[in-house]
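Visitor: My questions will all concern the structure given below.
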Amino acid sequence: MVSIVPNNIQIEDDRTGINVETLKRAFLDNLFYIQAKFPKISTKNDYYMALAYTVRDRLLNRWLQTTQTYLEKAPRTVAYLSAEFLMGPHLGNNLMNLGLYNVVKQAMEEFGLGLTDLLEQEEEPGLGNGGLGRLAACYIDSLATLEIPAIGYGIRYEYGIFDQEIKNGWQVEITDKWLRYGNPWEVPRPEAELEVKFGGHTENYTDEHGRYHVQWIPFKVVKGVPYDTPILGFQTNNANTLRLWKAEAPESFDFEAFNKGDYFGSVQEKSECENITKVLYPNDDSYQGKQLRLEQQFFFVSCSLQDMIRMMKAQNLTLERFHEHFAIQLNDTHPTIAVAELMRLLLDEHQFDWDKAWNITTKTFAYTNHTLLPEALERWSINMFGSSFPRHLQIIYEINLRFLDEVRIKFPDDGNRLRRMSIIDESGERYIRMAHLACVGSFAINGVAELHSELLKKTTLHDFYEMYPEKFTNVTNGVTPRRFMVLSNPRLANLITKKIGDSWVTNLDELRKLETFLYDSDFCKEFHQVKQDVKQDLANYIRTNYNITIDPNSLFDIQAKRIHEYKRQHLNALYIITLYNRIKANPNLDVTPRTFLFGGKAAPGYYMAKLIIKLINSIADVVNHDPDMRDRLKVIFLKDYNVKFAQRVYPAADLSEQISTAGKEASGTGNMKFSMNGALTIGTLDGANIEIREVVGEENFFLFGLTAEEVLQKKAAGYNPWDYYNSNPELKLAIDRISSGFFSHGDPNLFKPLLDSLLYRDQYLLLADYQSYIECQDRVSQAYRDREQWIRMSILNVARIGKFSSDRSIRDYVQNIWKVSALKVEVPEYSQSTN
Ligand code: GLS
């Protein structure tokens, strides 16, 4: 193969060399020539940037070689369309994947710089809300590691998920200015910009062959500029591309308006265009029908599809084979307008007839559903949708017409079914149901855990399952062990590697070998020591940042995830109050010391979630200052939970709280990350908890609560939370403590909305699950006292978690949905790393 590096570039030069001396030279060079600084006046950030560029240089070779290989071989490619990619910091991950961690650490040390310090400096790209966005990031990692040709397409939000501060116990949102100091990992590609149309109207015309066409005359046109980030696999040469689109005005000014003196008008138009990619909507598992959000979705989808078409043209491939060249995954319904946009591009811009275009479209898309919560199912009012996308509305009507005909054939005389399945909801104000469009327009539909996929077939998408049973499948989520074990928990990773070699990093099932050491007391001791050391690290962090001392010998009980009523952080809070009440009633009670740690953001408009944060902080205030607790009970709400911080938190947990109401959490992925790091789970039979329990063994998992089916039955039978309140003295006492104003400086009203919602509705059945939960928690406390047994349970969690590697999930997608093959990329000898 022809090398893309010209022959006259030296093999071991400052941009590729990987020994300490070359790295140091390159670092100083970047400090000087890119940051324009010399050491005396350099900030920590300058050093971070210099190092980031040094590392990026060593990536480029693989990245460009990958691009060239893909260009030459034109392999079938996965396009992963996602409105969110919650990547987390890049530097550490790239060092690990390149195998440069240790040598760079040494190089920095020789300059008197700590690598950990520099890593801390990176502002993470928070371009996602939580599980869904982080899943996309794990999948992009696994795709590269498995050497699958793939592109991630998304939005380059100027402001990602807000930073969270806590003031007086309340969440305060701060704008996330992640691009403030520049982003060394992205490469803007202004030369590859594309145009995206919005608004306006359509016109019909007939061409010279008498064929009828539609033309979309837009009201405005926005430019999409791609920003590319290389995503290197672990110890592979494949570096795939994450291509994020930024919206810009087509011209910097409307010069006509400018010359007429309307200076502000012309600037305003520019900023209106740029608004499209300004900010990430901060809602997880719920949606707001905002026009700008719809425009964001269309914007990145249109750019991405046009980009794919352009690539095929550049490779002289015919669009008739679009579906053979690309498998496009729709990450939830957010990019689903792609079904209509691909149809439009094929019909209107490339003159395909309907049947041909529809055949291509429905062989291209696959749809992943990520939630059953009704408030998260996207639907767009016809008026709003039509005003921005008049042509797409026509196309969707046509798709629907033809689809309903199919339904009529398969299920004659079933008017209710037609109404239920229609892509257009006509029960009141008319809406487009995006999940229906996704089901009709895709060849595969999957849920993200076994239970979730089953419930989809039984409930939310039941009609579609009856219509197209062959489309339905399950792909249980997974997470990358590179970031969430090797990078975030090097102590554990090193211990494992010492025992079983390092192949587990890319073949997580190998962890099973650890079971051999279950009764090896030296190993158990070392394993325990790792956990203690990591807990000590977190304790130090908390002491420095919160001025609170916590005891690493106490049980670290952690619930870290978005704040949502269905995730039931307030059930956890009720247990804390119960423990508090017990100790108050009997100060000498022999309790297992616990540190309760919470982390997570609430959507800014989600009042109840914010009140839950306030409640936790208010409980913490009382508990942490009560001398009767004598350090047996501590509660801390850790602010601004993000990927960077999550990497500190997962390794330090003894207990992982996965306590959602059964049937509500589609999968969960934090549950996997905790378990991988040796935490035991206390959880319901919900989402992936069920499968985690299956593999780690029921005796190594603390189960409580109603099943999904029991939840439905209970609701159907007329659930009354008061029955539980009145008949359970500990529960009553816990709730009364809150309502008395005990945690709110005597104010009985502060938490009233939360308590009213529990006592009068309790949609998520906290009261019904309370007794089962506290009994289970008491078993946890008991179990933690038997240290040796606990360590063994913890080891078994690590040893048996292999299934939840995102490598397995991606293999499932590859084999069952995408049908793509790996393509190895070769790079010249000199840039192969050694460690
Ligand atoms: C989510 C689900 O709520 C999670 O259970 C799931 O693990 C995640 C990834 O599949 O997707 N859906 C969503 O809208 N946000 C999520 O985190």
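The values are calculated or read from the model by the stated rules, or taken from the named source; none is laboratory data. For clarity, every value in this text was computed on a predicted model and none was experimentally measured. Note: ideal-geometry Cβ built from the backbone for every residue, glycine included; neighbour counts use all protein chains shown. Just the protein is used for accessible areas: all its heavy atoms, side chains included, with ligands, DNA and RNA removed. Shrake-Rupley method; radii C 1.70, N 1.55, O 1.52, S 1.80 Å.
Visitor: Treat each spin label as a single point 7 Å out from the Cα along the C-beta direction, and report the H213 to N545 distance in nm.
Guide: Reported label-point gap for H213 and N545 is 5.8 nm.
Visitor: Determine the percent antiparallel among the DSSP beta bridges restricted to the chain, to the nearest 5.
Guide: 45
Visitor: For segment 518-576, what is the Kirkwood hydrodynamic radius in Å, using each pair of distinct C-alpha atoms?
Guide: Taking every pair of different Cα atoms in segment 518-576, averaging 1/r and inverting gives 13.9 Å.
Visitor: Still on this structure: Apply the membrane-span-like helix rule to the chain: whole DSSP H runs, Cα extent along the own long axis of at least 27 Å, mean Kyte-Doolittle hydropathy at least -1.0. List the helices found.
Guide: On the way: long enough: 44-73 (43 Å, -0.87); 291-314 (34 Å, 0.12); 390-410 (30 Å, -0.22); 521-546 (36 Å, -1.09); 766-785 (28 Å, -0.65).
Passing helices, by number: 44-73, 291-314, 390-410, 766-785.
Visitor: Apply the Karplus curve 6.51 cos²θ - 1.76 cosθ + 1.60, θ = phi - 60°, to the phi angles in segment 339-348 and return the couplings in whole Hz, x for Gly and Pro.
Guide: Along segment 339-348, the couplings run 4, 6, 5, 5, 4, 4, 4, 5, 6, 8 Hz.
Visitor: At 20 °C and 1.002 mPa s, what whole-number value in µm²/s does Stokes-Einstein give for the translational diffusion of segment 397-530, with Rh from the Kirkwood sum over Cα pairs?
Guide: 113
Visitor: In nm, give the distance between the simple-model label positions of S271 and E788, each being 7 Å from the Cα along the Cα-to-Cβ direction.
Guide: Output for this residue pair reads 6.9 nm.
Visitor: Expressed in nm to one decimal, what extension gain is obtained for the pair M384 and E203 from 0.36 nm per residue of sequence separation less their Cα-Cα distance?
Guide: Details: separation 181, 0.36 × 181 = 65.16 nm, distance 1.97 nm.
Once the chain is fully extended between M384 and E203, it gains 63.2 nm.
Visitor: Select from V479, I41, G683 the residue farthest towards the positive end of the dipole of the chain; place +1 on Cβ of Lys and Arg, -1 on Cβ of Asp and Glu, and compute about the Cα centre.
Guide: So the residue furthest toward the plus end is G683.
Visitor: Also, I was wondering about something else. With all protein chains present, how much of the accessible area of segment 481-804 (probe radius 1.4 Å) comes from carbon and sulfur, to the nearest whole percent?
Guide: Accessible surface attributable to carbon and sulfur in segment 481-804 totals 49 percent.
Visitor: Ok, one more. Which lysines, if any, have their Cα less than 25 Å from the Cα of K313, not counting same-chain residues under 8 positions apart?
Guide: Filter leaves K73, K197, K223, K246, K356, K363, K819, K824.
Visitor: In addition: Could you state how much accessible area C776 has, in square angstrom rounded to the nearest 10, with a 1.4 Å probe and all protein chains kept in place?
Guide: 0
Visitor: To continue, here is another question. Arrange the residues K410, K561, K673, K270 by how much accessible surface each exposes, largest first, with a 1.4 angstrom probe.
Guide: K410, K270, K561, K673
Visitor: Using the basic label-point model (7 angstrom from Cα toward the beta carbon), what is the A192 to R779 distance in nanometres?
Guide: 5.3
Visitor: Return the calculated 222 nm mean residue ellipticity for the chain, to the nearest 500 deg cm²/dmol, obtained by summing -39500 (n - 2.57) across DSSP H runs with n ≥ 4 and dividing by the residue count. Walk me through the numbers on the way to the answer.
Guide: On the way: 32 runs with 378 residues, N = 835.
Result for the chain, helices only: -14000 deg cm²/dmol.
Visitor: Moving on. Measure out, as a whole number of angstrom, how far apart the alpha-carbon centroids of segment 191-224 and segment 538-561 sit.
Guide: That distance is 58 Å.
Visitor: How big is the gap, in Å, between the Cα center of segment 616-695 and the Cα center of segment 409-442?
Guide: 40
Visitor: So what is the accessible area of segment 481-804 per residue, in Å², with the probe set to 1.4 Å? The partial results should precede the final answer.
Guide: Values: 11690 Å² over 324 residues.
Heavy-atom accessible area per residue stands at 36 Å².
Visitor: Now for a separate question. Using a probe of 1.4 angstrom, how much of the accessible area of segment 145-216 is carbon and sulfur, in percent?
Guide: Answer for segment 145-216 is 47 percent, counting heavy atoms of protein chains only.
Visitor: Related question: Tell me which chymotrypsin sites (Phe, Trp or Tyr not before Pro) from segment 248-323 have a DSSP coil assignment and no more than 16 other beta carbons within 10 Å of their own.
Guide: Numbers: sites: F253, F255, F258, Y263, F264, Y287, F298, F299, F300, F322; in loops: F253, Y287.
Those satisfying the criteria are F253.
Visitor: Could you give the Stokes-Einstein D for segment 481-804 in µm² per second, using the C-alpha Kirkwood radius, 25 °C, 0.890 mPa s?
Guide: D = 122 µm²/s.
Visitor: How large is the accessible surface per residue of segment 8-108, computed with a 1.4 Å probe and reported in Å² as a whole number? Let's see the in-between values first.
Guide: Working: 4020 Å² over 101 residues.
Value for segment 8-108: 40 Å² per residue.
Visitor: Another question about this same structure. Pick out, from S266, L292, V279, the residue whose Cα sits farthest towards the positive end of the charge dipole of segment 258-309, with +1 on the Cβ of Lys and Arg and -1 on the Cβ of Asp and Glu.
Guide: Value computed over the given set: S266.
Visitor: Hey, what's the Cα Rg ratio for the chain versus the globular rule of thumb, 2.2 N^0.38 Å?
Guide: Normalised Cα radius of gyration, the chain: 0.97.
Visitor: Leaving out ligands, DNA and RNA, what percent of the accessible area of segment 6-78 is carbon and sulfur, probe 1.4 Å?
Guide: Answer for segment 6-78 is 58 percent, counting heavy atoms of protein chains only.
Visitor: Name the residues whose placed amide hydrogens come within less than 5 Å of the amide hydrogen of A327, ignoring near sequence neighbours (fewer than 5 apart) on the same chain.
Guide: T77, V78, A79
Visitor: Another question, then. Contour minus end-to-end for Q815 and V221, with contour as 0.36 nm per residue of separation and end-to-end as the Cα-Cα distance?
Guide: Working it through step by step, the gained length comes to 209.9 nm.
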